[in-house]
Amino acid sequence: GTTPVNIWGKPILSKTGGWIAAFFIFGNEMAERMAYFGLSVNMVIFMFYVMHRPFTSSANAVNTFLGISQISSVLGGFLADAYLGRYWTIAIFTTIYLLGLIGITLCATISIFVPNQDQCDKLSILLGACEPAKSWQMLYLYVVLYITGFGAAGIRPCVSSFGADQFDERSKDYKAHLDRFFNFFYLSVTIGAIMAFTMVVYIQMNHGWGFAFGSLAVAMGFSNVVFFVGTPLYRHKLPGGSPLTRVAQVLFAAFRKRNVPFSGSDLIELYEVPGRNSAIKGSGKIEHTDDFRWLDKAALQVKEDGANPSPWRLCTVTQVEEVKILLKLLPIPMCTIMLSVVLTEYLTLSVQQAYTLNTHFGNLKLPVTCMPVFPGLSIFLVLALYYYTFAPLSRRITGHPHGASQLQRVGLGLAISILSVAWAGAFERYRRMYAIKHGYKSLFLTAMPNLSAYWLLIQYSLIGIAEVFCIVGLLEFLYQEAPDAMRSVGSAYAAIAGGIGCFVATIINNIVKSITGNEAEGRTTWLSQNINAGRFDYFYWLLTVLSLINFCIFLILAHRYKYR
């Protein structure tokens, strides 16, 4: 059932798959991440300075877009596992992604799509005195933005799984190849992010918004060509039919037989098809486990089921075990939501911090919007040195062949993220006190020449290292633990957690603003647009406490989890 085939469904040739095929797939993910991060860091500024939207509402709008684009990944995973297969899902949705980027480029290029920019200087923008965007202009921007997000929904859950499909499960080096693949995969993600935070920002500053967004469209178009050129080399896994239907059948059958005892005169046995192959196309058989025993009732075969029972009445053990695995997996990615919250907050809050700091490095002045490049650089460095430093050292400590298990890496990443956000709170307290002491309290967009922005590198580097261990470990964990015919849905779990994190960040922001601020009483909110009057340090420490609670929950869940 898990035998790989070519694009036409025929048995594969011996020279297909492997690292060469995987590298064609890396290019597509690199361009998608470049576009994703390019939009995430630039769209807030574009809405604020060009569309004349308030900074807070711009940030919330982009957070909502990022959240929806990630949560909708479950749709892409469902289509890939059920009907299209991973290749065709990527091929269709990457084209949709490109169309969305072209639409955004047109918005930034053609003056009719943006409000009048005449006599609209920086001070006028800050005071909200510029002509706001018309409702139809914002509608157009949101439409093309969400077309882009819809395209990402089909790419994100499939690319990592499709790349991992290129390696032969029967090979003795399969797990080693898979471990290296996910590290290289995230390296391609990081390179895309670095290009977004440097090259795209440089193009925007020197050539304007149209060229900046246009560069994302060009990169995406080129990566699409590279992806299609590699088509003859790819291995494919057959789609196994609708996973949601199979889940629904198990739940319905289990509920229908909820009163049937596990022992009785009418009971025959737990049902499974005879032979070596599973009844589910694209999946091998899964052995029965004692977890979630109430679901086993869906596979209880009794005399009244007859010779050819409907799957809505009687499910195979493999089908029941698929649902059990999905339920067992769910809590682990949910524990990474707080990491996504911290990453989302850093994209906006750290940029606001950087505006008040000296970004000169010798004679070089780094643009504020380039600051998020440093987590990417730390990720790049850690991945480059992973097999020469961390893996051998941790192998001596743990005795694990890969240095640390997947869940141990996820936990290490979560722990490092707590250190990152705690340091962010400590430095922000120092930065704010320095600003007040030296008369900068009301000058929140004026850089303080004697306080360097490079103190932010500590929190950036720590969150980058945290992201490496947590997300790479999570992707590998979900791919290996997910059922054979549901691996795209399994990979979508990580994207869903990231999307929920974006929404949670917006919710936390709104709650904090409503509780801590009161205009009638003259009380400034923690998240004031004037960062020197607000209390970002308190907010960072709130995130630290929430991250610590989340980490404790993860430790309990990881300790109880049993690998397949």
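Data table
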item	result
Of all residues making up region 338-348, the number that are open to solvent by less than 30 Å² (accessible area, probe 1.4 Å) and under 14 Å from the mean Cα position of the chain (by Cα)	6
Condition met for Leu451 (farther than 24 Å from Val545 by Cα and not in a helix (DSSP H, G or I))	yes
Every residue from region 100-121 that is surrounded by fewer than 16 Cβ atoms within 10 Å (Cβ to Cβ) and in contact (Cβ under 8 Å) with a residue 40 or more places away in the chain	Thr109, Gln117
Among the candidates Val320, Val342, residue that is hydrophobic (A, V, I, L, M, F, W, C), in contact with a Leu (Cβ under 7 Å, 6 or more places away or on another chain), closer than 21 Å to Ser283 by Cα and assigned to a helix (DSSP H, G or I)	Val320
Selection count where residues are open to solvent by less than 20 Å² (accessible area, probe 1.4 Å) and assigned to a helix (DSSP H, G or I), scope region 349-367	5
First in region 364-377 and assigned by the TED database to the domain that holds Thr190, second anywhere and surrounded by fewer than 18 Cβ atoms within 10 Å (Cβ to Cβ) and not small (Gly, Ala, Ser), Cβ under 6 Å, 6 or more apart	none
Counted residues, region 447-466 - those being in contact with a strand residue (DSSP E or B) (Cβ under 6 Å, 6 or more places away or on another chain) and aliphatic (A, V, I, L, M)	3
Count - residues of region 298-317 that are assigned to a loop (DSSP other than H, G, I, E, B) and surrounded by fewer than 21 Cβ atoms within 10 Å (Cβ to Cβ)	8
The one condition in (1) assigned to a helix (DSSP H, G or I); (2) more than 17 Å from Val545 (Cα to Cα); (3) open to solvent by 50 Å² or more (accessible area, probe 1.4 Å); (4) not basic (Lys, Arg) that Trp423 fails to fulfil	(2)
Filter result (at pLDDT below 80, part of a helix (DSSP H, G or I) and not hydroxyl-bearing (Ser, Thr, Tyr)) within region 111-152	Lys122, Leu123, Ile125, Leu126, Leu127
Matching residues in region 427-454 - criterion: being closer than 18 Å to Leu366 by Cβ and either free of Cβ contacts under 8 Å to residues at least 40 places away in the same chain or among the aromatic types (Phe, Trp, Tyr) (or both)	Phe427, Tyr454
Residue match in region 460-473 (condition: surrounded by fewer than 21 Cβ atoms within 10 Å (Cβ to Cβ), touching a residue at least 40 places away in the same chain (Cβ under 8 Å), of a type in the set (S, T, N, Q) and not assigned by the TED database to the domain that holds Ala59)	yes
Neighbours by Cβ (under 6 Å, 6+ apart or cross-chain): first from region 388-410, assigned by the TED database to the domain that holds Leu555 and under 21 Å from Leu474 (Cβ atoms); second of a type in the set (D, E, K, R) and open to solvent by 40 Å² or more (accessible area, probe 1.4 Å)	Gly403/Arg395
Out of Ala495, Ala505, Ala520, sole residue that is closer than 30 Å to Ser160 by Cβ, modelled with pLDDT under 85 and not assigned by the TED database to the domain that holds Ser160	Ala495
Residue list for region 250-274, restricted to those being at pLDDT 75 or above and either of a type in the set (Asp, Glu) or assigned to a loop (DSSP other than H, G, I, E, B) (or both)	Lys257, Arg258, Asn259, Val260, Pro261, Phe262, Glu269, Tyr271, Glu272, Val273, Pro274
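Every residue, every condition in (1) modelled with pLDDT under 85; (2) small (Gly, Ala, Ser); (3) assigned to a helix (DSSP H, G or I), yes or no:
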position	(1), (2), (3)
Thr3	yes, no, no
Leu13	yes, no, no
Val41	yes, no, yes
Val44	yes, no, yes
His52	yes, no, no
Ala61	yes, yes, yes
Val74	yes, no, yes
Ala82	yes, yes, yes
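The values are calculated or read from the model by the stated rules, or taken from the named source; none is laboratory data. These numbers were taken from a predicted model, which means no experiment stands behind them. Neighbour counts run over all protein chains shown; Cβ positions are idealised from the backbone, glycine included. Ligands, DNA and RNA are stripped out before the accessible areas are found, and what is left, the full protein with its side chains, is counted by its heavy atoms. Shrake-Rupley method; radii C 1.70, N 1.55, O 1.52, S 1.80 Å.
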